[in-house]
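To start, the structure itself, in structure tokens.
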Amino acid sequence: MVAVAYRNGKPAERHALRTAVGSPRLVVGEETDASAGVASDLVYVPVVLADDAGNVFTDSDRPISVEVTGDGVLQALGSGNPAPEQAYGAPSHATFDGRALAIIRPTGSGPITVEVSADGCLPVTVALRGEPALAEFVATA
């Protein structure tokens, strides 16, 4: 389905809604980098439940777990849920509308590894190596 907005009788904007199909998989990214390795520099790692085409499963929420190793710690893990049942400092949290956000605080200048897992999904490992060009997003079997 596509919605079209008109201005002065001409199409101005289009927006399409797509339903996610198949089985959800974890998609993990990195919004900021850990290049400085300073404790005040937070690294934001979004987590999404998506299909192979990248469409988000907004109706398939599930608990995710985050494990951080190396020169960093999990500062917070949460979602957009206005009434979550989990604490933000816990290593597990349920997604909300298919999304969650892990916040990592570097504790030094060395590598940081973040592993995200969820029931029914392959775990995903993100290796933060101190420079954004070297960030790796690897799905493990």
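Remarks
- Near Thr19, once Lys and Arg are set to +1 and Asp and Glu to -1 for all other residues with Cβ below 15 Å from its Cβ, the sum equals -3.
- Extension reserve of the Lys10-Phe96 stretch, reckoned as 0.36 nm per residue once the Cα distance is removed: 27.3 nm
- Taking Cβ atoms as reference points and 14 Å as the exclusive limit, the residues near Thr95 contribute a net charge of -2, counting Lys and Arg as +1 and Asp and Glu as -1.
Quick note: the coordinates plus some simple rules give every number you see, no bench work behind them. Owing to the predicted nature of the structure, the values given are computational and were not obtained by experimental measurement. Glycine also receives a Cβ, built like all others from the backbone with ideal geometry; neighbour counts cover every protein chain displayed.
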